[in-house]
1. Shortest first and in nm to one decimal, what separations exist between A:Ala199 and its copies in the other chains, measuring from label points 7 Å along the Cα-to-beta-carbon line?
2. Counting helices only, and only those DSSP H runs with n ≥ 4, report the 222 nm mean residue ellipticity of chain A as the sum of -39,500 (n - 2.57) divided by its residues, in deg cm²/dmol to the nearest 500.
3. If I model a spin label at A:Val146 and A:Glu314 as a point 7 Å from the Cα along the Cα→Cβ vector, what separation in nanometres do I get?
4. Helix A:146-158: angle to the longest alpha-carbon principal axis of chain A, degrees 0 to 90, nearest 10?
5. Gap in Å between the Cα centre of segment B:1-63 and the Cα centre of segment A:244-312?
6. If we hang a label 7 Å off Cα along the beta carbon direction at B:Arg96, how far is it from the matching labels on the other copies, in nm, shortest first?
7. I'd like the residues of segment A:262-280 whose 1.4 Å-probe accessible area shrinks by no less than 10 Å² going from the isolated chain to the full set of protein chains.
8. Of the beta bridges DSSP finds with both residues in chain B, what % are antiparallel, to the nearest 5?
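The values are calculated or read from the model by the stated rules, or taken from the named source; none is laboratory data. From a predicted model like this one, the values you see are computed outputs, not experimental measurements. All Cβ positions, glycine included, derive from the backbone under ideal geometry; neighbour counts span all protein chains shown. Side chains are part of the model used for accessible areas, which takes the heavy atoms of the whole protein and leaves out ligands, DNA and RNA. Shrake-Rupley method; radii C 1.70, N 1.55, O 1.52, S 1.80 Å.
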There are 2 protein chains.
Amino acid sequence: MLRADVATPALFLDIDALDRNISAMAKHATTLGVDLRPHAKAHKCVQIAHRLAAVGAIGVSCATMEEAEAMAGGGLRGILITSPLAARWQFERLRRLLLRGADVSTVVDSAAQLAGLAEVAASSGRQLGVIVEIDVGVGRTGCVDVSDIVAIAAEAKANLMLRYRGIQAYWGNLQQIMPHTERARLAGIQIDRLGGIIAKLSDAGLAPEIVTGAGTGTFSIDAASGLFTEMQPGSFLFMDSCYGSIDLGIEAGFETSLFVGATVVSSTRPGRVIVNAGLKAFATDSGLPVASRGAPAGATYRYMGDEHGAVDFEGEASALGSMIEFVTSHCDPTVNLYPAFHVVRGSEIIDKWPVVARYGSVN
Amino acid sequence: MLRADVATPALFLDIDALDRNISAMAKHATTLGVDLRPHAKAHKCVQIAHRLAAVGAIGVSCATMEEAEAMAGGGLRGILITSPLAARWQFERLRRLLLRGADVSTVVDSAAQLAGLAEVAASSGRQLGVIVEIDVGVGRTGCVDVSDIVAIAAEAKANLMLRYRGIQAYWGNLQQIMPHTERARLAGIQIDRLGGIIAKLSDAGLAPEIVTGAGTGTFSIDAASGLFTEMQPGSFLFMDSCYGSIDLGIEAGFETSLFVGATVVSSTRPGRVIVNAGLKAFATDSGLPVASRGAPAGATYRYMGDEHGAVDFEGEASALGSMIEFVTSHCDPTVNLYPAFHVVRGSEIIDKWPVVARYGSVN
């Protein structure tokens, strides 16, 4: 099947660009001396997780219980749930995952949740790995006080059904700070604090075997700190227009591999065509899609309601019924909008990979 | 099953509030003397379309080929595709819909597309209803020049395989203009122009049998003009926080029926809890979700990345693992994020209705 003949809106993944991004990140990890546990919240795709495992990734980071289930079901190992769990249904499903023999660990940021996890482990008869999450200035999840971190780690270590593995420290709020020097300065403040926390844990006999974190925007800074044992980047796989426009501080070698294809469905004014991709076809939180393959010269996109976008341009219009592709401004929530990647090489569709664990998919 | 036990994020639909909204709109249509062809782009749900048909809706407006297929497959009649079609795959699938005996019409805004539709009708051996779309100041789809409107209508009428039904005029850009008097003034400008176009068509022997358009924000203005034979509203079913906050110019009697349920997964700072619903769980184009059922007093929500939101409040925190529900700021693209509505009455789940024709669902 040809790329131009796919029903739209559709999600295209350039497999060669993807593989070059994967190779580049594997090489960075080796050079920096850290492990890779790339984040499934970006790709939600078993096939991509296996491609990462093939270049040495030690596991898969997962944001949700559904992602962990899908990755375990797809045969992936080294699963780490990076968001704290709290609801009964989350604990019950974690228990079922353990009973199925999944290799899964999870983060925790409160004693109450640790007690819940201990019960899950006990009732499944399987030891559960836990990682204490630290709030490193984001104000989101994670323990705030060092005394809490040490207490939860100690409690985890003391429980025979739990296996204390270490800590998670992820500064999501710093990933796209510009310029890079300012990003490095702000990360440096957290790195100093993190070093102090690791020292305190070590003093208490709780030295972390794993220190996990790092995203596409700060991985080189974080790894260079010497504190992290592994990294959880995800966006490097796709390189949306936001990540594509920032300085990563090194010759990262990442390129855009993800595109949304849309069809020109109307052309009744000079200098403008209308495509069938609007607010439902893109994540809209981080700016506008960028016109790419098939777009007229000088094309810019803007939203025109739920179902449409306007492409304004100078010069000759794209033909009615033809396809225009767009680079999304935010890859993770855009991927979540589609049931599958159409895997492309040049103008050909060579495969179709399901997007798994979309929101609300298990209930 | 209890509402509080559903895995989150989840989409809740209060069936009694929904039915009250449906009854209210049916009554408005009767009072105003116009037909109802409510828009499936809002609900994407066969069960809701049947509830609307039960109170007298003459059909279903659809934004995409997938919606038309899903509604036809669900036994709905009077389907009108309200966006112009242009791609080969769209024409081919329209042909298959006709061959299956679907009662479907479509809009058109160019002679080239009309030729494509005529071929579809001829090759299926079934007459196809067409409606000429007029650009009424939106700058999106629709014919701009009156001469084009008349020419396309004439060509449609002259083709035995097509059935010229009338015109579509929808001012989507005016639906939420405030105050209501300004909305009415701006709609009035388009109503005057529309009256002129209808007169020109009538003079040419092309008087429209159908004049379709109108949304939740302008239906009372549009219907009062006497030009419209039918209305296509959708958001009145759910009443998101944007529609809920504007003056509709009449005692509309609509109330919020749609909620997103999320779980409190972390609570490590005073005055703040973290829920597992962020940029992937809500449409983000029209402002922030509004905390509702289960929220602490004075709660406000803000996005904290793809997977989380922060709920800041005064007073006592919601318990870890408990549910907080939110009113979405934009219903249509939020519905598109979920595979199903959990239909609720009070604290009970009484049914589950699939959300059909989500983006990228047919390929």
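1. 8.5
2. Dividing the helical sum by the residues of chain A leaves -10000 deg cm²/dmol.
3. That separation, rounded to one decimal, is 6.0 nm.
4. That helix lies at roughly 70 degrees to the long axis.
5. Spelled out, the Cα-based centre of one part sits 32 Å from the other.
6. 3.3
7. When all protein chains are present, A:Thr263, A:Val265, A:Ser266, A:Thr268, A:Arg269, A:Arg272, A:Ile274, A:Asn276, A:Leu279, A:Lys280 each give up 10 Å² or more of accessible surface.
8. If we restrict to bridges inside chain B, about 50 percent are antiparallel.
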